[in-house]
Structure formats: C-alpha cells, structure tokens
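Please treat every number below as a calculation from the coordinates, not as lab data. Worth saying up front: this structure is predicted, and the values here are computed from it rather than measured. Note that we place each Cβ from the backbone using ideal geometry, even for glycine, and neighbour counts take in every protein chain shown.
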Amino acid sequence: MWGRRRRRGGLLGVVGLVLVGLYWLAPKSRRQQQQQELLRDEKALELQLQQLSSVVWAEALRERRPVYERPQAEPGALGELGSPVRLELPPGPEREREEQSVQDHQINIYVSDRISLHRRLPERWNPLCRVKKYQFHYLPTTSVIISFYNEAWSTLLRTVHSVLETSPDILLEEIILVDDYSDKEHLKKRLENYISGLKKVRLVRTTKREGLVRGRLLGASKAKGDVLTFLDCHCECHDGWLEPLLDRIKEKESAVVCPVIDSVEWNTFEYLGNPEEPQIGGFDWRLVFTWHAIPQREQKQRLSPTDVIRSPTMAGGLFAVDKKYFEYLGSYDSGMEIWGGENLEFSFRIWQCGGTLEIHPCSHVGHVFPRQAPYSRSKALANSVRAAEVWMDKYKEVFYHRSPHARLQAYGDVTERRKLREDLKCKDFKWYLENVYPELHVPEDRPDSFGMLKNKGMENYCFDYNPPSEHQITGNKVILYPCHGMGQNQFFEYTLNNEIRYNTRHPEACAAVDAGTNYLTIYLCRDEGQNVPDNQKFIFKEDGSLFHTQTQKCLHATANALDGNPAPILKDCTDSDHQKWFFKERLM
Ligand SMILES: [Mn+2]
C-alpha cells in the first residue's frame, strides 16, 4: 500500500507543476476556462493512474498467489496466530490420552490435533523483509521434500498445508512426501486418500527403513523443480518464507540457504520466533551442533538486515539447494544411517568444496522441537565418525580424544567420499577452521595433558563434572567419580596457559577456586587473547602436584569431601600420593 501511494504522489506532483506553469502562461481571458479543462484532465489522469496501479498491484498479488488460499479461522480457534494452547485437563481418560500422545511422540499431539491445520502465524521477520520485491517470473522453481517416519497426522498435514498456503503457486513445483517405512495405520491408505485431493502433493515410500539421508535422496531423485527445498515433517512456514531462499540461489547458484528456524513449543504449540537477528550454527569438539550470535566480522560484511548471514554449519533438516549443485557436491553421504551428524558432514563439505552456507533472515520456518529425540539416535556417532574421517584431517583426533568410544564405531566404507573430496579439489579442514569458523578454539591436546585426570592415591577415581543443564555449563563443583573412560564429563585438558579446561563442549569452561572456598567451581574460560584469571591458574609440576598459585595450595584427592563424597580439595602441599595427578587418554 505504502509503496503504491508514494509512487502515485510523485506523478501527481509532476502533473501539478505542469498545471501551475500552464496557468501562468495562458492569456488572462482564457484562464478560467483552461483551468476547468485542466482540472478535468487531472481527474481523468488520476483515474487512469488508479486503474493502472491497481492492475500492477493485482498482478503482483497474482504472481505471489499461493497454491491454496488459507481458509478463514473459526472464531475462537485454538492456537491461532501462534498463541499457546494450555488445556489443563482434569485427571481422567482425556488427560491420559494427552499424556500418552506425549509419551508416543515427545510432542503434545493431543494439543496439535485440536489446532487448525491452516492456522495463521504471527509476523516474526524483520519488517524490512515485507517490502522486499521479487521477480517471481524469473525465480527458479522448487520441489519441497519432506521425509517422515511414523509422524503424527496433524503435525505432518499441518506442514503440508502450510507449504501449500504460503508458497507462491508459480514457484512451487511440488511437495514430495517420503514415507520412510512407517508402520502407523494413518500413514497408509488414509494418507494416500487425503493427499490425492491436494494439488501438487506426491507420496513416495521406501521399501525398508532407510533413515533420513537415503529417504531424502529418494525424494530428490523424483524431484522436477530447479531447487530442492528440504523440510522436516513437523514444520509451519511463515508467510514469504520461500521467495528469499530461491532469490538467493538465483543470485548465487553455489549458495545453500537455510531459513531461520523458529521454535514451536512441543507442549503448547506456541510459536516462539523473533524478528531479531537470528543465530548461526557452529559445533563443539564432540561434533554436536551449537548456536551462536553473529560474529562482528560477519556483521561488517552485511549491508542490510535483510542480507544473508554466512554460517559455519546448519542445524539440520531445513535448507534449499540448487538441484544440479547438490548433485555436483555429491548430494548426501548415503552411508549415513537414521539421523544425526549428516548436517555437519554436509556443512563441512559445502564450505570445503567451494560453496557457501547461509541463513536468510527473511525466510522463517517454525519447527516443533520435541521434548527429546522420539526414536533412537544410536547411529549418530557412526555418522559423525564418517564426517570426521572424510573431512577433518588431523583435527579428527580432537574429536576422538573427547569421544574415545567413537574409535570403536563401525562406520562403513568412506573410500568413495574421500575420492569425491579429491575429485572436487576441496580445501582442507585447517582452511575451514581459519576462514569459516575462526571463533572456534582448537584445543592444544598435548601428549599426557588431556583425557581422564587421575590420582595416584585414589587410582580408580577421575575428575568429573556435570553441568547444571544442556544449556548452562558453569556453576557446579568438580567432583571425583569412578573412571568410566568415555570422555565426555570426565574429559579435562591442562593448557600451556596453566588452566584446567573442561572442554568437551562449547563454550569451554575452566576450573576455578572461589575466594574463601577450598573446592573447584567451573567458570567460563577467558576469551582468546585475554589473561587467565588468577583463581584459574594451576601449575602442573614435575612431581605430579597441581599447585594453585593464588592460594599457594595443592589439589588433594579427598574421599570424604563435599557432602561426604569424593572431590579434589585444596590443602597445604605435601608429598602424599593423594596430591599426585596424571592424565590418561584411555582406560586400558
Ligand atoms: Mn524435527
């Protein structure tokens, strides 16, 4: 509206100036008559302009018309505009059904079933995205590929309808649903019947359980669009989500573009996206995906908040890629099972082989993050090993140090994938770390300075730390616990800067001594380039003692320390075996 009125105002201004000019040039006797004529002309001109601009406007609307118009919401419909649904059912059979649905799917399907498959979402993009113009006729078309396994009816179909109701008809070639050998009854005949009534939706089925990667590859092999857009099977697309992805790929064929992933709460289906700058993807040295704020170096490259943001990794299932470029890059590693790890493998490959991985801030898609993974991820570690073996060069050791059991994983044959890396003349992992993800600290991992931190006086006990939660790493105390040899929460590293680092995860954390206490508390390590705080400094001496310089005391393995449990405690230095420490990489 705003753009149209402004344009018309400009034209009328010009017409007005001409009129004023003519008025003064005309002989006095004819002025009134001329003025009337000109006014008449102006009215006619305005009418013409009005008609013209409404034609232009209608044409723009026609171009971006979705495959289906969204039906009007019922009055009082639950969850409209992404509002939370809290049923608070009294104890009884209905409440039991609700609880059972959470048990089965790790998502409150009972609530989902009560929300319209066509619900509207709140506007959660930068307002500048709304006025971006696209040349719809020149954008590539896309096939949206959605692979699923035993997905609930309402979450799956809400995904399908939301794609159909937000994607411009002229850009959406088709939706390809890939059923990865589900056994739920509603995904058989009933699903076939339902989608046979929908335009542009196709269903293909695998003949055995293939996992996410091979399921998606099956979908891709049937796709007719220029671009492949992969979505998860419990998503809701924000208005205008598709055009920015396709526009960017038209501009740069080797760009793999992700939408901003907004969160749909698993219990209430509240839509939690926000229009602020999105976060980008990274990973920690367990090869677990992590989120980060956009670094300064990247912000400096961007001219507008609607410009794409380069990201070292992608979160997982949601991205668009030129179909031919996807094939050139070696599509997916079909040696990967079920899911987990394929997102990092593909991220490394994109960057190392000459592409770019980006997040488009104008493309928002909601995703239901389940309470916990609904089915086994036992294959995720083997997938990570494949990624490490093909792409990470010597840096794979940093990963293996923190997950010693990964070395024992059967990960299949990677000869073909290594050959692909050679054929495409991809860059090495050092280049990737330095140029794409310089924020990631690479641990030193010097010999005999990482792994289990053991004590001579209490041989079967190791330094052990459990963070308060998956999202908060700091604040708890270091204890001693029977050694398990699995890395993870018993992995520590002693650095050249005299820190005892707990660095299986990101951000890295360091052991510190709070004033007036004698135990170890975990804090964040200093930022790169800053000095080590005095209370985090320990000298690891030749004789095996760990000397805390600030208090001039030594760490002493104490059986009956915190709440009667074993822990390392600061005491006056002696040559007791309980003050002799050593690192060991593996149990055996
Ligand atoms: Mn998901």
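Overview of results
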item	result
Extended-chain gain in nm, criterion 0.36 nm per residue less alpha-carbon gap, Thr517 and Lys541	6.4 nm
Rel. contact order, % - alpha carbon contacts under 8 angstrom, at least six apart, the stretch 450-584	26
Lone cysteines, the chain (no partner Cβ under 4.7 Å)	Cys233, Cys235, Cys237, Cys258
Calculated from backbone phi, Karplus (6.51, -1.76, 1.60) coupling profile of the stretch 322-333 in Hz, x at Gly/Pro	4, 4, 5, 5, 4, 5, 4, 6, x, 6, 10, 7
Cross-link reach list, aspartates and glutamates versus Lys132, counting only Cα pairs under 12 Å and skipping chain neighbours closer than eight places	Glu243, Asp247, Asp307
Antiparallel bridges, percent of DSSP beta bridges restricted to the stretch 107-369 (to nearest 5)	35
Theoretical FRET efficiency, 1/(1+(r/R0)^6), r = Cβ-Cβ of Arg586 and Arg205, R0 41 Å, to 0.05	0.40
Hz values of 3J(HN,Hα) by residue in the stretch 360-365 - Karplus curve (6.51, -1.76, 1.60), Gly and Pro given as x	9, x, 8, 10, 10, 9
About the Cα centre, charge dipole magnitude for the chain (Lys/Arg +1, Asp/Glu -1 at Cβ), debye	1980
Full-stretch length increase - Glu59, Arg95 - with 0.36 nm per residue and alpha-carbon distance subtracted	8.0 nm
Residues of type lysines that Lys571 reaches as a straight line, Cα spacing below 18 Å, ignoring anything fewer than 8 places off in the same chain	Lys454, Lys456, Lys477, Lys537, Lys541, Lys553, Lys580
Local electrostatic count at Ile479 - Lys and Arg +1, Asp and Glu -1, tallied over other residues with Cβ under 11 Å	-1
Spin-label pair Asn531/Leu272, simplified geometry with 7 Å Cα→Cβ offset, distance in nm	4.0
Relative contact order, percent, the stretch 28-186 [alpha-carbon distance under 8 Å, six or more residues apart]	29
Alpha-carbon centroids, the stretch 487-503 and the stretch 180-232: separation in whole Å	46
For the stretch 354-513: relative contact order, % (alpha-carbon pairs under 8 angstrom, 6 or more apart)	17
Karplus (6.51, -1.76, 1.60) ³J(HN,Hα), θ = phi - 60°, over the stretch 75-88, in Hz, Gly and Pro reported as x	x, x, 4, 5, x, 4, 6, x, 6, x, 10, 10, 7, 6
Listed pairs Lys208/Lys324; Lys199/Lys250; Lys224/Lys425; Lys200/Lys379; Lys200/Lys323 exceeding 24 Å between Cα atoms	Lys208/Lys324; Lys199/Lys250; Lys224/Lys425; Lys200/Lys379
Reach of Lys427 by Cα under 18 Å, taken over lysines that are not fewer than 8 positions away in the same chain	Lys394, Lys396, Lys419
